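Written below as structure tokens is the structure these notes are about.
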Amino acid sequence: MNGILDILVDIASTPALLVAIIAVLGNVLQKKDAASTVKGGIKTFVGFLVVTAGAGVIEGSLQPFGEMFQAAFNMQGVVPNNEAIVALALNQFGTYTALIMLVGMAFNILIARITRFKYIYLTGHATLYMSCMIAVILSVTGIGTVPLVLFGGLALGLANTIFPAIAQPFTRQITKNDTVALGHTGNFGYALSGLIGKWVGNKERSTEDINFPKGLSFLRDSTVSITITMAVVYVIVALFAGNVFVTENLSGGTNYIIYSLQQAGAFAAGVFVILAGVRLILAEIVPAFKGISEKLVPNSIPALDCPIVFPYAPNAVLIGFLTSFVGGIVSLVIMVFAGTTVIIPGVVPHFFCGATAGVYGNATGGLRGALVGSFVHGVIISFMPILLMPVMGDLGFQGSTFSDTDYGVTGIFLGNLANFGGQIAAIAGIVAVLAVLIGLTVVSKGKKTPTVSE
């Protein structure tokens, strides 16, 4: 039994394999020929591996940047990192996490089937991480194994339905259609960035329409502009960190300026690879998903990882990352003076989440929306972990914590319910959210491709 469970969890937490299986299933349900079915599955599989490879390149280039930043400015504190905190938690809560993940995916499909919120969450690693956090918080209440898995899975299914719905009005503005949704753990922040862009910006002045002088027209190429911008940022931080620190700890003896330029180029290469992979995935998964919609969950929409929106506004990707990171630095200064726990800006979450927030802010408010929306996002993912840490039990004080907004919203909601009224209050809160979704479905029956915001 444990062997079968391990295989199912491995499949569910491997995005490339999970989405390839979905693509194959969709083609089978549409009765496509074997050649088309195999081709769709393989191209989707390869596309996700391309995106994963690009993300790995970016993370590899950002990791030394984070170390240089901490050394340059002598910063000590908690570094939000989903992978680090999950690695710690799985040692103690691995079984609960696996069971909640599988039950949660089933609940996601069921909720999409019976309510008007038709989002099927396909980002496997994000589902795993959210399962882990829910397992930790509910375990602190002392709840029994069966209700923990059942209601933890329900909480996960609800989160994986609600968060794509919250962001969908803005995702639709980016993609110009309703064929795909965003399935990432920063959707609350992206929706907020979209709202802020709507309030403060002008979407007619897009980040993609930035007018460069004629002699600088080469900067219109996103690969060129990203490389140059990141080279400047890396070199400045390297200068503060010093040649000795970089050569002895990071570069293996390579000159610190040369090493910084290499990492900036690697960052731009990672973005280029991600954009290519996203195009490959969308060309296959969206048509294949029609089979799922027609047979299993009518009108369902696949919710995919955040890089799916990067090709729509490459300039906003870079602007969002840098502005979100600035928000993190400003927050750090405030924390130092306020005497609170200090959250060191995590470069990886500020890139993936900040960049996405920039795209959403740009969709509704152009350049100004991207700047303000991603800056506010950077502040939120800096302060939200401080509120999340106390509800994580002993795991809340391990030098790392969850970074993205959806972890914060879900964790703070569940954790405070548990602290206030124990396991009964937590269960009642989960059931109440499900009742709200069903109530909204009953009230607005007949609506097409609806969202929470509609």
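Scanning region 204-223 for residues that are assigned to a helix (DSSP H, G or I), modelled with pLDDT of 80 or more and open to solvent by 30 Å² or more (accessible area, probe 1.4 Å) turns up GLU208, ASP209.
Counting residues in region 116-123 that are surrounded by fewer than 24 Cβ atoms within 10 Å (Cβ to Cβ) and in a helix (DSSP H, G or I) gives zero.
For every residue, the table says whether it meets (1) assigned to a strand (DSSP E or B); (2) touching a residue at least 60 places away in the same chain (Cβ under 8 Å); (3) hydrophobic (A, V, I, L, M, F, W, C).
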| position | (1), (2), (3) |
| --- | --- |
| ASN108 | no, no, no |
| ALA126 | no, yes, yes |
| CYS132 | no, no, yes |
| HIS184 | no, yes, no |
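In a residue-by-residue description of region 252-259, the property of being open to solvent by less than 50 Å² (accessible area, probe 1.4 Å) and out of contact with any helix residue (DSSP H, G or I) (no Cβ under 9 Å at 6 or more places or on another chain) applies to no position. Among the residues of region 267-282, are any in contact with a Lys or Arg (Cβ under 8 Å, 6 or more places away or on another chain) and open to solvent by 20 Å² or more (accessible area, probe 1.4 Å)? Yes, because at least one residue in region 267-282 is in contact with a Lys or Arg (Cβ under 8 Å, 6 or more places away or on another chain) and open to solvent by 20 Å² or more (accessible area, probe 1.4 Å). Screening region 314-326 for residues that are surrounded by 24 or more Cβ atoms within 10 Å (Cβ to Cβ) and of a type outside the set (A, V, I, L, M) and picking the one that is nearest to THR364 (Cα to Cα) gives GLY320.
Selection of region 12-47 for residues being open to solvent by less than 20 Å² (accessible area, probe 1.4 Å) and more than 25 Å from PRO298 (Cα to Cα) yields only GLY47.
Residues that are over 17 Å from VAL409 (Cβ atoms), touching a Leu at 6+ places or on another chain (Cβ under 9 Å) and open to solvent by 10 Å² or more (accessible area, probe 1.4 Å) do not occur anywhere in region 180-196.
Applying the criterion of being touching a helix residue (DSSP H, G or I) at 6+ places or on another chain (Cβ under 8 Å) and at pLDDT below 85 to the residues of region 419-441, the residue that is least open to solvent (accessible area, probe 1.4 Å) is GLY421.
The values are calculated or read from the model by the stated rules, or taken from the named source; none is laboratory data. Note that this is a predicted model, so its numbers are computed, not measured. Here the Cβ is made from the backbone with ideal geometry for all residues, glycine too, and neighbour counts use every protein chain on show. Ligands, DNA and RNA are excluded from the accessible area calculation, which covers all protein heavy atoms including side chains. Shrake-Rupley method; radii C 1.70, N 1.55, O 1.52, S 1.80 Å.
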